[in-house]
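Heads up: the structure comes next, in structure tokens.
The values are calculated or read from the model by the stated rules, or taken from the named source; none is laboratory data. As the structure is a prediction and not an experimental result, all values here were calculated from the model. All Cβ positions, glycine included, derive from the backbone under ideal geometry; neighbour counts span all protein chains shown.
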Amino acid sequence: MREKLHHYIRLVRLDRPIGIYLLLWPTLWALWIAAQGVPDFGILFVFVAGVVLMRSAGCAINDYADRDFDPHVQRTKTRPLAAGYITSREAVGVFAVLALLSFLLELYLNTLTIALSLVAVLLAVTYPFMKRFHHLPQVHLGAAFSWAIPMAFTAVSGEMPPLVAWLLFIAAVLWTTAYDTLYAMCDREDDLKIGIKSTAILFGQHDRLIVGILQVATLLLLALVGVLVGRGIWYWLGLLVASGFAVYQQWLIRNREPLPSLRAFLNNHWLGMAVFVGLATDYALA
């Protein structure tokens with residue numbers, strides 16, 4: 001039982017929480033802006049717990065979708081499902097249980113937010129299969145990871161999200177597309193061999209340039225959001241630090257090597273944190 005539990009933990013990547021962080025930061029950006037400061041504790045708890053549950057559920061359904069691909073990719077061949085430590089039925093069961101728990105948490109929120117949560121589930125379920133059909137699965141992941149933003153605004157206000165929420169959503173989608181392209185660059189050679197599609201393959205020799213454009217667009221949209229919600233010096237300092245991390249990531253991928261590309265991907269945790277710390281500090285000291 002202990003060994004099986006260990007494999008379940010690896011299935012949902014609790015041993016590698018980077019995905020939780022990358023999903024959490026945009027959610028917290030939205031909650032703080034929607035509430036104009038620290039949000040209601042109950043709403044905050046539901047969203048943080050939902051982030052952990054849905055990211056874990058997404059990992060389980062992702063491994064189920066990739067069960068025939070993962071054994072042929074160096075980075076993923078030791079995953080529990082690919083290595084045969086758990087079955088496909090178990091992976092689907094883990095996804096179903098975690099998604100159900102996340103939905104039960106949503107019942108604490110208003111009806112509009114619950115309705116929007118159904119879109120979140122649909123995006124999470126369909127994302128892992130997109131790499132078979134088109135070269136933009138990273139954009140689909142961006143929508144899935146960013147859908148908590150309009151949900152956060154409806155949870156706080158009970159109304160449809162305003163323009164600033166959708167600008168923040170677009171910024172998060174662009175950011176996710178950028179950092180997941182860095183992640184896809186690690187597997188590009190294996191993906192080409194087995195026929196998996198990704199933005200890293202689509203962008204080709206222009207990958208660094210396009211990632212840079214996406215990063216700049218993200219920061220510009222975050223700056224526009226800051227202007228629209230009247231943020232001050234601490235928010236701008238947070239964006240400045242985030243810009244420094246983006247430049248550092250470009251330096252890491254200068255030779256397009258897999259390990260530095262992975263480090264650049266992981267560095268986005270700090271970029272997202274910098275934006276949140278600046279935002280939260282600005283609201284606290286305003």
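Residues in the range 91-108 that are touching a residue at least 24 places away in the same chain (Cβ under 8 Å) and more than 22 Å from the chain's Cα centre (by Cα): 1 in all. Per the listing 157, 198, the residue uniquely among the hydroxyl-bearing types (Ser, Thr, Tyr), touching a residue at least 12 places away in the same chain (Cβ under 8 Å) and surrounded by fewer than 21 Cβ atoms within 10 Å (Cβ to Cβ) is 157. Test residue 24 against the stated conditions and say whether it is closer than 26 Å to residue 238 by Cα and part of a helix (DSSP H, G or I). Taking the combined requirement at face value, the residue satisfies it. Taking the criterion of being surrounded by 14 or more Cβ atoms within 10 Å (Cβ to Cβ), more than 30 Å from residue 285 (Cβ to Cβ) and not basic (Lys, Arg), the residues of the range 244-264 that qualify are 250, 252, 253, 258, 260, 261, 262, 264. If the condition is being touching a residue at least 60 places away in the same chain (Cβ under 8 Å) and not in a helix (DSSP H, G or I), then the range 47-72 contributes 66, 69. Of all residues in the range 201-233, those satisfying the criterion of being in a loop (DSSP other than H, G, I, E, B) and in contact (Cβ under 8 Å) with a residue 12 or more places away in the chain are 229, 231, 232.
Can you go through 225, 241, 229 and tell me which one is touching a Gly at 6+ places or on another chain (Cβ under 8 Å), more than 30 Å from residue 133 (Cβ to Cβ), of a type in the set (A, V, I, L, M) and surrounded by 14 or more Cβ atoms within 10 Å (Cβ to Cβ)?
Among 225, 241, 229, only 241 is touching a Gly at 6+ places or on another chain (Cβ under 8 Å), more than 30 Å from residue 133 (Cβ to Cβ), of a type in the set (A, V, I, L, M) and surrounded by 14 or more Cβ atoms within 10 Å (Cβ to Cβ).
For residue 11, the requirement of being more than 21 Å from residue 142 (Cβ to Cβ) and buried (at least 21 other Cβ atoms within 10 Å of the Cβ) is met. Screening residue 259 against (1) modelled with pLDDT of 95 or more; (2) assigned to a helix (DSSP H, G or I); (3) not basic (Lys, Arg) leaves a single unmet condition, (1).
Taken over the range 64-86, the criterion of being surrounded by 13 or more Cβ atoms within 10 Å (Cβ to Cβ) and either touching a Cys at 6+ places or on another chain (Cβ under 9 Å) or polar (S, T, N, Q) (or both) is satisfied by 75, 76. A search for C-beta distances below 6 Å between a residue of the range 6-24 that is free of Cβ contacts under 8 Å to residues at least 24 places away in the same chain and any residue that is among the aliphatic types (A, V, I, L, M), counting only pairs 6+ apart in sequence or on different chains, returns 15/9. Determine whether the range 123-134 contains at least one residue that is among the aliphatic types (A, V, I, L, M) and over 15 Å from the mean Cα position of the chain (by Cα). Yes, because at least one residue in the range 123-134 is among the aliphatic types (A, V, I, L, M) and over 15 Å from the mean Cα position of the chain (by Cα). Mind checking whether some residue in the range 192-204 is over 22 Å from residue 259 (Cβ atoms) and touching a Lys or Arg at 6+ places or on another chain (Cβ under 6 Å)? Checking the range 192-204: at least one residue is over 22 Å from residue 259 (Cβ atoms) and touching a Lys or Arg at 6+ places or on another chain (Cβ under 6 Å).
What are the residues in the range 26-46 that are aromatic (Phe, Trp, Tyr), surrounded by fewer than 23 Cβ atoms within 10 Å (Cβ to Cβ) and touching a residue at least 60 places away in the same chain (Cβ under 8 Å), if any? Answer for the range 26-46, where residues must be aromatic (Phe, Trp, Tyr), surrounded by fewer than 23 Cβ atoms within 10 Å (Cβ to Cβ) and touching a residue at least 60 places away in the same chain (Cβ under 8 Å): just 32. Restricting the range 170-195 to residues that are hydrophobic (A, V, I, L, M, F, W, C) and closer than 24 Å to residue 239 by Cβ leaves a set whose member that is surrounded by the fewest Cβ atoms within 10 Å (Cβ to Cβ) is 170.
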